[in-house]
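Written below as structure tokens is the structure these notes are about.
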Amino acid sequence: MWPRRTCREVTRLVLQNEDRHLAWHERVAVRLHMRICDACPRFRTQVRFMREAMGNWRRYSEGEDDSLK
């Protein structure tokens, strides 16, 4: 049986997932941890929200830059 991941390890993996594709055993560990933890799924939701907000801001700011030229 695999050792249980801590919240610190899972949040690190959630952030790394933004930059790289996690290995299968990392994805399984994150999914298992998410089933038993209340805080980590909220953290993942916040990360997704921030990524989406930054993408919207980037598209908005690029649109403004184009209209000013």
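So, of the residues in region 1-10 that are among the basic types (K, R) and at pLDDT below 95, which turns out to be nearest to the chain's Cα centre (by Cα)? Please lay out each step first, then the result.
Of all residues in region 1-10, those among the basic types (K, R) come to 4-5, 8.
With the extra rule that they be at pLDDT below 95, the set shrinks to 4-5.
Values: R4: 20, R5: 17 Å.
Selected residue: R5.
Selection within region 35-52: residues that are within 13 Å of the chain's Cα centre (by Cα) and hydrophobic (A, V, I, L, M, F, W, C). The member of this set that is surrounded by the most Cβ atoms within 10 Å (Cβ to Cβ) is C40.
Residues checked against (1) aliphatic (A, V, I, L, M); (2) modelled with pLDDT of 95 or more:
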site	(1), (2)
R12	no, yes
H25	no, no
R42	no, yes
R59	no, no
G63	no, no
L68	yes, no
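The values are calculated or read from the model by the stated rules, or taken from the named source; none is laboratory data. Keep in mind it's a predicted model, so treat the numbers as computed, not measured. Note that we place each Cβ from the backbone using ideal geometry, even for glycine, and neighbour counts take in every protein chain shown.
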